[in-house]
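The values are calculated or read from the model by the stated rules, or taken from the named source; none is laboratory data. Values in this document were obtained by computation on a predicted structure and should not be read as measured data. Heads up, the Cβs are rebuilt from the backbone with ideal geometry, glycines too, and the neighbour counts pull from every protein chain shown.
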Amino acid sequence: MTIGVLTAGRAQIAGDGVTDRVDLDFQFIDQNNLEVIHVDGNGNRTEWIYGLSPGAWSYTGGDFETGTVHFTAADLQGGEQLIVSLTSSYNQPYAFDGGEIDPAVIEKALDRSAIDMQSVANRALFEKDGVYDVSGTPVTGLPDPGDPEDAVNKRTLDAVTPTLDGLAASAAASAAEAASYAAQADTALSDTADEAAAAKTEADRAAILAAGMDAYRDAFQTYGYLADWGTITEAPGDILDYGDITT
């Protein structure tokens with residue numbers, strides 16, 4: 001037997017409008033062993049039919065060997081994908097009806113059985129490095145989850161999405177409100193700082209004026225013009241006459 005049973009029977013490429021081939025690293029017999037699926041930018045899957053548009057795909061190689069799928073490059077644009085998978089009709093055309101057993105016939109029969117097994121594996125979960133990888137193949141028919149570790153289907157996700165959206169909107173509103181309060185606090189702190197600075201400026205000016213008044217008083221008392229500073233009774237800002245500042 002020349003075909004390994006557990007060889008992956010799948011190839012996938014991304015479109016660019018230029019690439020026109022998919023090289024297959026698995027062995028197959030003919031076009032009946034190949035399923036060519038086009039995936040558009042929205043994830044919609046369409047099977048391309050052998051020799052027909054779109055794709056108009058053909059192949060080289062095969063006959064129990066690896067090969068290449070060729071297609072129309074313009075039918076696979078950027079953001080799209082092409083998946084080529086091994087498939088089978090699961091029939092066995094080789095018979096052993098008496099006579100001498102031909103080793104070549106036996107080998108081809110076993111190879112066809114290996115291709116059948118690979119095709120089944122492509123449609124089942126395949127374990128790789130301790131995890132199950134479906135390689136982009138849709139998984140359908142999941143029941144609604146019941147236990148914490150059950151897989152979630154789209155129906156369940158759609159049902160809880162409005163609640164999740166509401167929680168997200170509420171969290172966003174709370175965050176916006178908190179940001180508003182923080183901005184108001186910053187403004188209040190800024191205003192308080194400005195008021196404190198203005199008060200300090202006034203206090204500094206008052207201190208300078210007081211120092212100046214003290215200097216004037218000392219000068220008047222020194223020259224004998226004023227025996228008792230406290231006898232000046234005019235209100236602040238009034239003009240003092242000579243009599244006001246003499247003894």
Practice task
Test each condition in (1) of a type in the set (D, E, K, R); (2) at pLDDT 75 or above; (3) loosely packed, with under 10 Cβ neighbours inside 10 Å for Lys200 and report the one that comes out false.
Solution key: (3)
Exercise for the section: Could you list all residues from the stretch 60-72 that are in contact with a strand residue (DSSP E or B) (Cβ under 9 Å, 6 or more places away or on another chain) and in contact (Cβ under 8 Å) with a residue 24 or more places away in the chain? Expected result: Gly61, Gly62, Asp63, Phe64, Glu65, Thr66, Gly67, Thr68, Val69, His70, Phe71
Completion exercise
Restricting attention to the stretch 140-190, the residues that are touching a residue at least 12 places away in the same chain (Cβ under 8 Å) and assigned to a helix (DSSP H, G or I) number exactly 1
Exercise for the section: Taking the residues in the stretch 60-105 that are within 18 Å of Asp25 (Cα to Cα) and in a loop (DSSP other than H, G, I, E, B) as candidates, determine which candidate is modelled with the highest pLDDT. Expected result: Phe71
Exercise for the section: Look at Ala159 and say whether it is surrounded by 10 or more Cβ atoms within 10 Å (Cβ to Cβ), modelled with pLDDT of 65 or more and among the small types (Gly, Ala, Ser). Expected result: yes
Exercise for the section: Tell me which residues, restricted to the stretch 119-139, are at pLDDT below 65 and assigned to a helix (DSSP H, G or I). Expected result: Val120, Ala121, Asn122
Problem - the stretch 25-59: number of residues that are assigned to a strand (DSSP E or B) and either surrounded by 12 or more Cβ atoms within 10 Å (Cβ to Cβ) or modelled with pLDDT under 90 (or both) - result: 15
